[in-house]
1. Check 78, 120 and return the single one that is under 30 Å from residue 201 (Cβ atoms) and surrounded by 14 or more Cβ atoms within 10 Å (Cβ to Cβ).
2. Among the residues of region 53-62 satisfying the criterion of being within 23 Å of residue 189 (Cα to Cα) and away from the ligand (no atom under 13 Å from the Cβ), which is nearest to the chain's Cα centre (by Cα)?
3. Residue 45 passes all but one of (1) closer than 30 Å to residue 177 by Cα; (2) in a loop (DSSP other than H, G, I, E, B); which number fails?
4. I need the full set of residues from region 17-38 which are without any contact (Cβ under 8 Å) to a residue 60 or more places away in the chain and part of a loop (DSSP other than H, G, I, E, B), in order please.
5. Do we find that residue 149 is at pLDDT 95 or above, in contact with a strand residue (DSSP E or B) (Cβ under 6 Å, 6 or more places away or on another chain), farther than 29 Å from residue 304 by Cα and surrounded by 19 or more Cβ atoms within 10 Å (Cβ to Cβ) in this structure?
6. Just to be sure before I move on: is residue 240 farther than 30 Å from residue 165 by Cα, modelled with pLDDT of 95 or more and outside any strand (DSSP E or B) in the structure I sent?
Ligand code: AVI
């Protein structure tokens with residue numbers, strides 16, 4: 001519970017978001033401890049193809065990625081999540097000099113660093129506890145003979161807005177410096193008959209992940225959401241090339257959150273996440289504006305997912 005003087009960004013985002021004509025809460029609030037566990041479960045679902053497809057691309061093509069990056073590189077992983085992915089890259093690289101995981105959770109980072117140290121005794125590991133959207137990492141990065149390579153797998157870039165992608169890529173360009181490259185995994189546009197089940201699975205794990213936001217508001221913001229009065233919804237928005245997650249009110253109702261009241265009509269939704277599927281040419285344009293060129297990409301047989309290589313201009 002926050003005192004009246006401490007800023008609570010969760011409360012601020014929720015109160016502002018529920019006051020908009022289309023109620024919306026930024027997707028980063030989906031990831032409390034329970035939410036992060038549920039997301040891990042999602043990555044193993046039969047319908048959720050992105051994680052296993054990206055892992056397969058990395059497994060098959062890490063040698064080519066390592067050749068493109070070159071020897072004695074400093075690898076900077078943004079939002080360092082699954083170490084599984086960076087290990088595939090590290091194993092293929094020639095004498096990687098340093099690994100810099102950047103993550104907001106200090107405890108997550110510590111555990112990650114400990115695990116890696118045991119397996120890569122010659123690698124300098126320098127965790128940075130920071131929001132991956134923050135800038136000014138440059139001075140904290142270790143020096144090395146090779147170049148700096150950003151690594152941002154998982155298609156998390158698809159959860160950001162245009163302006164956020166621009167800020168993120170521009171910051172990374174400034175931090176990684178001239179001569180850097182950047183490896184980014186991005187889910188690709190495809191028919192809704194594949195996309196919708198990936199975000200509305202038969203076992204209901206994605207529904208639980210989405211509804212956990214209501215539980216979190218009940219717990220942390222003294223809200224009184226009735227979980228049975230909202231339904232999970234995954235919608236394909238063709239014009240914006242994105243899957244949207246919503247929580248749909250199943251009846252007219254009033255909910256109290258952090259001392260304020262919010263009315264819901266029957267069928268009204270809270271928009272909780274965008275998962276954009278950004279095609280190669282579109283992403284190339286975004287990268288260009290932030291000082292990067294798309295130099296090549298690797299994909300799977302069906303073109304479901306793409307791992308892109310950007311080079312600093
Ligand atoms: C983390 N992110 C890339 C996931 C995605 O596919 O957009 C989050 C997610 N939401 C529902 N399922 C998975």
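The values are calculated or read from the model by the stated rules, or taken from the named source; none is laboratory data. Since this is a predicted model, take the numbers as computed values, not measurements. Here Cβ is always computed from backbone atoms with ideal geometry, including for glycine, and neighbour counts include all displayed protein chains.
1. The match here is 78.
2. Of all residues in region 53-62, those within 23 Å of residue 189 (Cα to Cα) come to 53-61.
Filter again for away from the ligand (no atom under 13 Å from the Cβ), leaving 55-61.
On the way: 55: 16, 56: 19, 57: 18, 58: 17, 59: 20, 60: 23, 61: 22 Å.
The selected residue is 55.
3. Only one criterion in (1) closer than 30 Å to residue 177 by Cα; (2) in a loop (DSSP other than H, G, I, E, B) is unmet by residue 45, namely (1).
4. Answer for region 17-38, where residues must be without any contact (Cβ under 8 Å) to a residue 60 or more places away in the chain and part of a loop (DSSP other than H, G, I, E, B): 20, 21, 26, 31.
5. So residue 149 does not fit the description; no.
6. In short, no.
Conditions tested, residue by residue: (1) touching a residue at least 12 places away in the same chain (Cβ under 8 Å); (2) within 14 Å of residue 287 (Cα to Cα); (3) within 16 Å of the ligand (Cβ to nearest atom); (4) surrounded by 18 or more Cβ atoms within 10 Å (Cβ to Cβ).
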| position | (1), (2), (3), (4) |
| --- | --- |
| 114 | no, no, no, no |
| 131 | yes, no, yes, no |
| 163 | no, yes, no, no |
| 173 | yes, yes, no, yes |
| 177 | yes, no, no, no |
| 183 | yes, yes, yes, yes |
| 194 | yes, no, yes, no |
| 199 | yes, no, yes, yes |
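Yes/no per residue for (1) in contact with a strand residue (DSSP E or B) (Cβ under 6 Å, 6 or more places away or on another chain); (2) away from the ligand (no atom under 16 Å from the Cβ); (3) free of Cβ contacts under 8 Å to residues at least 60 places away in the same chain; (4) more than 21 Å from residue 68 (Cβ to Cβ):
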| position | (1), (2), (3), (4) |
| --- | --- |
| 274 | yes, no, no, yes |
| 282 | no, yes, yes, yes |
| 287 | yes, yes, no, no |
| 291 | no, yes, no, no |
| 299 | yes, yes, no, no |
| 307 | yes, no, no, no |
| 311 | yes, yes, no, no |
